[in-house]
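The values are calculated or read from the model by the stated rules, or taken from the named source; none is laboratory data. No experiment lies behind these values; they were computed from the predicted model shown. Because the Cβ atoms are built from the backbone with ideal geometry, glycine has one as well, and the counts that use them run over all protein chains shown.
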Amino acid sequence: MIFWNFSDSGTCRLNRTIVGYSTGADVTVHQELMNGIGKADKIWHLSQAALVKGLSTADLQMISRLSKDRVFSRGEVIFEPGKKAESLYFLNRGSVRLSMSSDDNREKTIGILRGGDIFGLESVSHEGLSRVQAVAHEESWVSALTREQFLKIAVEHPVLSFNLIQILLHRLADARDDIKALCFMDIQQRLVQALLKLARTHGQKLVNQQHMVKLSLRLSHDYLAALIASNRPYLSNIMSSFKKQGWIAYRRSHLLINVEALKALEGRLPID
């Protein structure tokens with residue numbers, strides 16, 4: 001993990017490096033930060049978060065000064081369940097996977113966050129214990145505010161509390177949809193629903209294939225199985241069937257989703 005501070009001149013400098021930083025081809029975020037991302041760039045990324053909607057540029061500059069920046073390598077744990085939640089995180093770039101595990105090590109992915117999302121909301125509560133695990137799904141740049149810093153800003157800017165309620169309501173609706181899917185849908189139905197949601201949140205339209213959407217994320221069958229509470233062998237069989245039907249495809253390890261075909265399939269699948 002790498003920590004960065006932004007100087008008054010607007011450039012970032014390396015504060016310290018923890019052993020375990022992986023080198024290689026997939027170091028885009030590290031390289032860009034090392035080349036000197038300025039304060040204006042950080043403020044722009046922070047402004048993409050729904051939490052700070054309605055704040056002025058001066059307010060965003062304050063949050064930029066107070067927050068600490070970290071780059072997490074792919075697969076690195078950001079926080080674990082049961083640990084004290086001390087920070088609220090802005091995900092500036094990359095993706096972060098939130099998950100829960102059972103006592104027998106079965107895993108359920110709660111969601112995969114993208115740039116502009118926030119996480120670590122448990123830090124705002126009085127109990128302040130993490131309920132989920134957060135892992136960098138790919139190399140990810142986050143900015144962290146302590147609980148005390150956030151609450152002080154929220155008192156001075158009530159719009160933050162309103163925005164936070166909206167985010168919580170949205171995530172509550174997602175949780176209800178997840179519960180409904182687990183209770184009333186079979187695995188194929190859950191997979192169709194999950195792929196369509198991934199297409200909306202992480203999809204990129206292809207110019208030469210209008211009906212296909214390319215996921216910006218690289219998702220293994222293990223990750224997909226954890227997302228829909230399935231097992232990998234069964235999910236792989238369904239994915240193979242979808243591929244034969246032309247509903248999905250692969251390009252350089254990226255999943256392509258035929259959104260129109262899956263929407264049509266979703267409408268034909270009965271709900272138990």
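Would it be correct to say that ILE228 is touching a Phe, Trp or Tyr at 6+ places or on another chain (Cβ under 7 Å) and touching a residue at least 24 places away in the same chain (Cβ under 8 Å)?
No; evaluated as a whole, the condition is false for this residue.
Output the qualifying pairs, or none if there are none: Cβ atoms under 6 angstrom, residues six or more apart or on different chains, first residue in segment 78-92 and in contact (Cβ under 8 Å) with a residue 60 or more places away in the chain and assigned by TED's automatic domain parsing to the domain that holds GLU138, second residue aliphatic (A, V, I, L, M) and crowded, with 20+ Cβ neighbours inside 10 Å.
What qualifies is ILE78/ALA134; LEU88/LEU145.
Could you tell me whether ASP222 is of a type in the set (Asp, Glu) and modelled with pLDDT of 90 or more? Before you say what the answer is, go through the steps one by one.
Details: of a type in the set (Asp, Glu): yes; modelled with pLDDT of 90 or more: yes.
Against the criterion (of a type in the set (Asp, Glu) and modelled with pLDDT of 90 or more), ASP222 qualifies.
So how many residues does segment 86-102 have that are surrounded by fewer than 20 Cβ atoms within 10 Å (Cβ to Cβ) and more than 14 Å from the chain's Cα centre (by Cα)?
Counting residues in segment 86-102 that are surrounded by fewer than 20 Cβ atoms within 10 Å (Cβ to Cβ) and more than 14 Å from the chain's Cα centre (by Cα) gives 4.
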